[in-house]
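Novice: Dropping the structure in here first, questions after.
The values are calculated or read from the model by the stated rules, or taken from the named source; none is laboratory data. The structure presented is a predicted model; accordingly, all values stated were derived computationally and were not measured. For neighbour counting, all protein chains shown are included, and Cβ atoms are generated from backbone atoms with ideal geometry for every residue, glycine included. When the accessible area is computed, the model is the full protein with side chains, heavy atoms only, and any ligands, DNA or RNA have been set aside. Shrake-Rupley method; radii C 1.70, N 1.55, O 1.52, S 1.80 Å.
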Amino acid sequence: LKAGLKKLSEAQQLVDELTKKAHVQKQELAQKQAEADQALKNISKAMEKAAERKQEVEQLQKELQVESEVIEQKKDVAEGELADIQPLIDDARKAVGSISKSNLDELRMLKMPPDAIHDVFSVVLRLMGNYDTSWGSMKKFLSQRSVIENILAFDASTLTNDKRKECEAIMKEHPQSFEKNVIYRVSQAAGPLADWVKATLDYAKVLELSLIHI
């Protein structure tokens, strides 16, 4: 009987130990399952974010492509407009280059110039960076040995927006002074310069607008 009770007691102890082990293993398994579930959730979230990011990148690429096409179209338009104006610039520069010394001497000999000449040279001097529009200042400008070369060397791309508008304001205030049938009749030197002024300002305006749009 004692032997039987001992075996029963040992069996009970074994059952208790196995039960405890099973409980511990169950808890460990539950913990690992929870960790696995959380890891799966993290992976799912990461994949969702990656998918969203991919969509954002694809959308950005599409927008950049559209913007690039628009810029290219505007560039073509600007280049076309500049190409249309370039012949006017070339013709005006050629006319300015043909101004004779005697034509310049005639201007310098004037005690006071006609209004049309004064208006044209007011713009010419302003383009060249001289804001003194007195006749004395204009005669000094005309007395330079390289006056024609300096004018022809002017780069319209360096003209600021403010200065361009100042020059246009003078032309708007005195439009008749820049008309061919008026200025060429007054002076054979001022006529080509009036054409050069108009072509230069038009070129600078188109160039400026093309840069803004692009």
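Novice: What is the Cα radius of gyration of region 1-118 over 2.2 N^0.38 Å, N being its residue count?
Specialist: 3.52
Novice: How compact is region 156-214 by the rule of thumb for globular proteins, expressed as Cα Rg over 2.2 N^0.38 Å? Could you put the intermediate results ahead of the total?
Specialist: Details: Rg = 12.8 Å, N = 59, 2.2 N^0.38 = 10.4 Å.
It is 1.23.
Novice: With every protein chain in place, what's the accessible area of Tyr131 (1.4 Å probe, Å², nearest 10)?
Specialist: 110 Å²
Novice: So how much accessible area does Lys101 have, in Å² to the nearest 10, using a 1.4 Å probe?
Specialist: We get 140 Å² for Lys101.
Novice: In addition: Which values, in whole Å and largest first, are the semi-axes of the equivalent ellipsoid of the chain obtained as the square root of 5 times each eigenvalue of the Cα gyration tensor? Intermediate results must be reported in sequence, preceding the final value.
Specialist: Working: eigenvalues 1786, 56, 29 Å².
Three semi-axes, in Å: 94, 17, 12.
Novice: Another question, if that's okay. Over region 66-181, what percent of the accessible surface lies on carbon and sulfur atoms, probe 1.4 Å? Could the numbers behind the result be given before it?
Specialist: Details: 3630 of 6960 Å².
The nonpolar share, carbon plus sulfur, comes to 52 percent.
Novice: When the helix-only estimate is applied to the chain (DSSP H runs of n ≥ 4, each -39,500 (n - 2.57), divided by the residue count), what is the mean residue ellipticity at 222 nm, nearest 500 deg cm²/dmol?
Specialist: It comes out at -28500 deg cm²/dmol, rounded to the nearest 500.
Novice: Where only protein heavy atoms count, and the probe is 1.4 Å, what is the accessible area per residue for region 107-214 in Å²? Don't skip to the end; give the middle numbers.
Specialist: On the way: 5640 Å² over 108 residues.
So region 107-214 comes to 52 Å² accessible per residue, rounded to a whole number.
Novice: As an exercise, use a Förster radius of 25 Å and the Cβ-Cβ distance of Leu14 and Asp37 to find the FRET efficiency, rounded to the nearest 0.05.
Specialist: Numbers: r = 34 Å, r/R0 = 1.36.
According to the calculation, E is roughly 0.15.
Novice: On to the next question. What helices does the chain hold that run 30 Å or longer along their axis, going by alpha-carbon atoms, with a Kyte-Doolittle average of -1.0 or more, using DSSP H for the helix calls? List each step's numbers first, then the result.
Specialist: Working: long enough: 2-97 (136 Å, -0.87); 190-213 (34 Å, 0.50).
The answer, listed by residue number, is 2-97, 190-213.
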